[in-house]
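Novice: First the structure, which I've put down as structure tokens, then a few questions once you've had a look.
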Amino acid sequence: MSTHTVFRLTHRNGFDGLEASNETVPEIDRHELLIKVRSVALNFRDIAIATSQYPFPVKDNVTPCSDAMGEVVEVGSSVPGFEKGDPVVVAFDPTALYGTIDNWDNGHGGPVDGVLKQYLQVSYQGVVKIPKNSSLKDEQWAALVCTGATAWNGLYGNIPLRPGQTVLFQGTGGVSVTGLALAKAAGAKTIITSSSDDKLAYVKSTFGADYTINYKKTPDWAAEAKKLTNGVGVDYILENGGSGTIKQSIEAIKFGGIISVIGFLSQASQEEMPDVAALALSKGCVVRGIIIGSKQQLEEVVRFVGNHDINIPVEKTFGFSKEGVVEALEYMASGSHIGKVCVKVS
Ligand SMILES: NC(=O)c1ccc[n+]([C@@H]2O[C@H](COP(=O)([O-])OP(=O)(O)OC[C@H]3O[C@@H](n4cnc5c(N)ncnc54)[C@H](OP(=O)(O)O)[C@@H]3O)[C@@H](O)[C@H]2O)c1
């Protein structure tokens, strides 16, 4: 019986809880695929889970991480449409095939074991094929699983973005810069904020951001965004800050615009907690919570990225060892990254 390396969080009080061990390669049933994992993309969620800051249930001794790209190495006897050698990505929640994810019970790397291992056994229904001869690297595909589907959901999950509309992205992390790359390719005008001029310069030159705002130097970034849109406001915002930034997002949004509430990177104090209901009413805008995306949304973003060879922002890739993964998590936690951070598994 062959074995493979599987990472688990033996405790959740810091990254040193991460341990690798040898476990038996799982046997698949007739509806499953066995996937040899090639790349894993990290998310802020993985840091929150490893440090007990994640607000949703997490299983004990969990295998972390949700985003895997790999290659099919075994196909169950009743599985249609897949063959050995197919490059694939696996949906964040393989039970959420379409519509809204209905609960937080099945996301990889939290309530159920995740993908930081060499072989992954999964129902074929949660698996999406990616182009065989793509110019994108393995890690760029892995990076679409959570981040890509989330950004796609923010742009297309409600009233779909149209060419020429303006989208604002908060910060230069994974969701933001991936969303920027998607929106640019779809013909949108883009505004991105950051605490760093260097990061803004990089994002402008590499991903073609139309406008940049340093939210440290320009704390009233909403007023600046309104200026950039001739006082009208922006059509879409991918809201990553949460309660600490939502007030300004509503100030920056156009009447009737859409704010996708994605992240919780900046918390308002209780005294400064904005009255979101009144503010949303004042703009007639949509303030919409996002739960990643369904498998269908992952399929849609994979198709768009594949057809247009969109340069998905992966900044750094680390090795598949305890040291490598801890270094990757620490690098992300430091906030120095731009876009995505990944682990090369094979
Ligand atoms: N709801 C969902 O389904 C879903 C899915 C994916 C992610 N998320 C959440 O979305 C958030 C972003 O995820 P991510 O993976 O992109 O994280 P990330 O890569 O770690 O992004 C971190 C970046 O966010 C920026 N940031 C921090 N505070 C900010 C603020 N007050 N205003 C503007 N930007 C700020 C910083 O950019 P600069 O250094 O440029 O300032 C920071 O480097 C996280 O809270 C994550 O948990 C939610």
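Novice: Looking at region 326-346, which of its residues are crowded, with 19+ Cβ neighbours inside 10 Å and away from the ligand (no atom under 16 Å from the Cβ)? Write out each step before concluding.
Specialist: In the first step, residues of region 326-346 are kept if they are crowded, with 19+ Cβ neighbours inside 10 Å; the result is 328-329, 332, 337-343, 345.
Listed by number, the list holds a single entry, Val345.
Novice: Say we look at region 309-325 and pick out the residues that are within 19 Å of Pro64 (Cα to Cα) and out of contact with any Lys or Arg (no Cβ under 9 Å at 6 or more places or on another chain); which of these is surrounded by the fewest Cβ atoms within 10 Å (Cβ to Cβ)?
Specialist: Checked region 309-325; the qualifying residue surrounded by the fewest Cβ atoms within 10 Å (Cβ to Cβ) is Glu323.
Novice: Same structure, new question: Can you confirm whether region 63-86 contains a residue that is under 18 Å from Thr10 (Cβ atoms) and surrounded by fewer than 22 Cβ atoms within 10 Å (Cβ to Cβ)? Write out each step before concluding.
Specialist: Quick first cut of region 63-86, residues under 18 Å from Thr10 (Cβ atoms) only: 63-65.
If we keep only those that are surrounded by fewer than 22 Cβ atoms within 10 Å (Cβ to Cβ) as well, we get 63.
Yes, some residue in region 63-86 is under 18 Å from Thr10 (Cβ atoms) and surrounded by fewer than 22 Cβ atoms within 10 Å (Cβ to Cβ).
Novice: Moving on to the next point. Quick check on region 268-280. Is at least one of its residues more than 11 Å from the ligand (Cβ to nearest atom) and buried (at least 22 other Cβ atoms within 10 Å of the Cβ)?
Specialist: No - not one qualifying residue is present in region 268-280.
Novice: Taking region 226-245, which residues are buried (at least 19 other Cβ atoms within 10 Å of the Cβ) and within 12 Å of the ligand (Cβ to nearest atom)?
Specialist: Ile237, Leu238, Glu239, Asn240, Gly241, Thr245
Novice: Hey, another quick one. What strands (runs of 3 or more DSSP E), lying completely within region 1-101, carry at least 1 residues that are within 16 Å of the ligand (Cβ to nearest atom)?
Specialist: Working: elements: 3-9, 18-24, 32-41, 67-75, 87-90.
In region 1-101, 32-41, 67-75, 87-90 are the strands (runs of 3 or more DSSP E) which contain 1 or more residues that are within 16 Å of the ligand (Cβ to nearest atom).
Novice: In region 297-308, what count of residues is obtained for those that are away from the ligand (no atom under 15 Å from the Cβ) and either farther than 17 Å from Pro87 by Cα or surrounded by fewer than 21 Cβ atoms within 10 Å (Cβ to Cβ) (or both)?
Specialist: Keep residues of region 297-308 that are away from the ligand (no atom under 15 Å from the Cβ), which gives 299-300, 302-308.
Those still in the list that are either farther than 17 Å from Pro87 by Cα or surrounded by fewer than 21 Cβ atoms within 10 Å (Cβ to Cβ) (or both) too: 299-300, 303-304, 306-308.
Counting residues in region 297-308 that are away from the ligand (no atom under 15 Å from the Cβ) and either farther than 17 Å from Pro87 by Cα or surrounded by fewer than 21 Cβ atoms within 10 Å (Cβ to Cβ) (or both) gives 7.
Novice: Being among the β-branched types (Val, Ile, Thr) and more than 14 Å from the ligand (Cβ to nearest atom) is the filter here, so list the residues in region 129-170 that pass it. Give the steps one after another, and end with the answer.
Specialist: Our first condition is that a residue be among the β-branched types (Val, Ile, Thr); within region 129-170, this holds for 130, 145, 147, 150, 159, 166-167.
Listed by number, the residues that qualify are Ile130, Ile159, Thr166, Val167.
Novice: A follow-up question, please. Thr193 versus (1) open to solvent by less than 40 Å² (accessible area, probe 1.4 Å); (2) in contact with a Ser or Thr (Cβ under 7 Å, 6 or more places away or on another chain); (3) near the ligand (Cβ under 10 Å from one of its atoms): which is the lone unmet condition?
Specialist: Result: Thr193 fails condition (2) only.
The values are calculated or read from the model by the stated rules, or taken from the named source; none is laboratory data. Just so you know, these numbers come straight off a predicted model, no measurement behind them. For neighbour counting, all protein chains shown are included, and Cβ atoms are generated from backbone atoms with ideal geometry for every residue, glycine included. What goes into the accessible areas is simple: the full protein's heavy atoms, side chains included, and nothing from ligands, DNA or RNA. Shrake-Rupley method; radii C 1.70, N 1.55, O 1.52, S 1.80 Å.
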